[in-house]
Amino acid sequence: MGIAEIKKHLSKFRIGIAGAGGLGSNCAVALARSGIGTLVIADFDIVEELNLNRQYYFYEQVGMMKTDAIRDNIKHVNPGILVITHQKKLDRTNISEIFAGCNIIIEAFDNAGMKEMLIETVQTKMPGIPLIVGSGMAGWGKTNDLICRKIDETLYVCGDETSEVSDNLPPLAPRVGIVANMEANVTIEILMNIK
């Protein structure tokens, strides 16, 4: 199967991304480059200068809503993709509405409580929808520790599952980018197995 056929197949799908920071922005661009048809991206934050060390934004976008900035960046990569954005904080009451119709949901939060809430909500209110989460990508090096693990039929975890962000172990572009691309890769693997 050639790249044109792969993109044609992937263009049929709708992917939800919960968060547009380091994981979400980089994963969204990887999926856009691969030919995903529709991205639904939810985030309530603005681009800050401190984000530029690992997030897919540019200096002139500082101060913009992340959802607006990532939509603009995706349009430069793949103008044919439909990008639907929601500038709101996700919670148990709005997740199933925002991501309705999505074939897969990708978790891209930097808060453990939000990750847990999203997993519980998707598994109870949207059973059967695959959810890909990131866990453990702080610091540098230890590339071989970054893996993707299938937890059950609908839950996948990408990262080393141990390295937590701290003052001495900040999130940096290489490991964050690797995990974001792992999330995109698992998404494509799942979709390519759908006839």
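Per-residue answers, yes or no, for (1) modelled with pLDDT under 95; (2) of a type in the set (S, T, N, Q); (3) farther than 25 Å from residue 173 by Cβ:
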{"site": "23", "(1), (2), (3)": "no, no, no"}
{"site": "31", "(1), (2), (3)": "no, no, no"}
{"site": "49", "(1), (2), (3)": "no, no, no"}
{"site": "67", "(1), (2), (3)": "no, yes, no"}
{"site": "70", "(1), (2), (3)": "no, no, no"}
{"site": "75", "(1), (2), (3)": "no, no, no"}
{"site": "96", "(1), (2), (3)": "no, yes, yes"}
{"site": "109", "(1), (2), (3)": "yes, no, no"}
{"site": "118", "(1), (2), (3)": "no, no, no"}
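Taken as a whole, the structure leaves residue 151 outside the set of residues that are hydrophobic (A, V, I, L, M, F, W, C), touching a His at 6+ places or on another chain (Cβ under 8 Å) and either closer than 30 Å to residue 6 by Cβ or free of Cβ contacts under 8 Å to residues at least 60 places away in the same chain (or both). Tell me which residues, restricted to segment 1-45, are closer than 21 Å to residue 178 by Cα, touching a strand residue (DSSP E or B) at 6+ places or on another chain (Cβ under 6 Å) and surrounded by fewer than 20 Cβ atoms within 10 Å (Cβ to Cβ). Across segment 1-45, there are no qualifying residues.
Output the residues belonging to segment 97-115 that are farther than 22 Å from residue 12 by Cα, out of contact with any Asp or Glu (no Cβ under 9 Å at 6 or more places or on another chain) and surrounded by fewer than 13 Cβ atoms within 10 Å (Cβ to Cβ). The answer is 111, 113.
Listed by position, the helices (runs of 4 or more DSSP H) inside segment 1-79 whose residues that are in contact (Cβ under 8 Å) with a residue 60 or more places away in the chain number at least 2 are 3-10, 22-34.
When each of 186, 157 is tested for being in a helix (DSSP H, G or I), within 15 Å of the chain's Cα centre (by Cα) and not charged (D, E, K, R), the lone residue that passes is 186. Considering only residues in segment 179-190 that are closer than 18 Å to residue 150 by Cβ and among the hydrophobic types (A, V, I, L, M, F, W, C), the one that is surrounded by the fewest Cβ atoms within 10 Å (Cβ to Cβ) turns out to be 190. Residue 105 meets all of the listed conditions (1) closer than 17 Å to residue 24 by Cβ; (2) not in a strand (DSSP E or B); (3) not small (Gly, Ala, Ser) but one, namely (2).
Within segment 167-188, residues that are within 17 Å of residue 103 (Cα to Cα) have Cβ atoms under 6 Å from residues that are at pLDDT 95 or above and assigned to a helix (DSSP H, G or I) in these pairs: 183/27; 184/27; 184/30; 184/31; 188/34, counting only partners at least 6 apart in sequence or on another chain.
The values are calculated or read from the model by the stated rules, or taken from the named source; none is laboratory data. Remember, it's a predicted structure, so these values are computed and weren't measured experimentally. Positions of Cβ are generated from backbone atoms using ideal geometry, with glycine treated the same way; all protein chains shown enter the neighbour counts.
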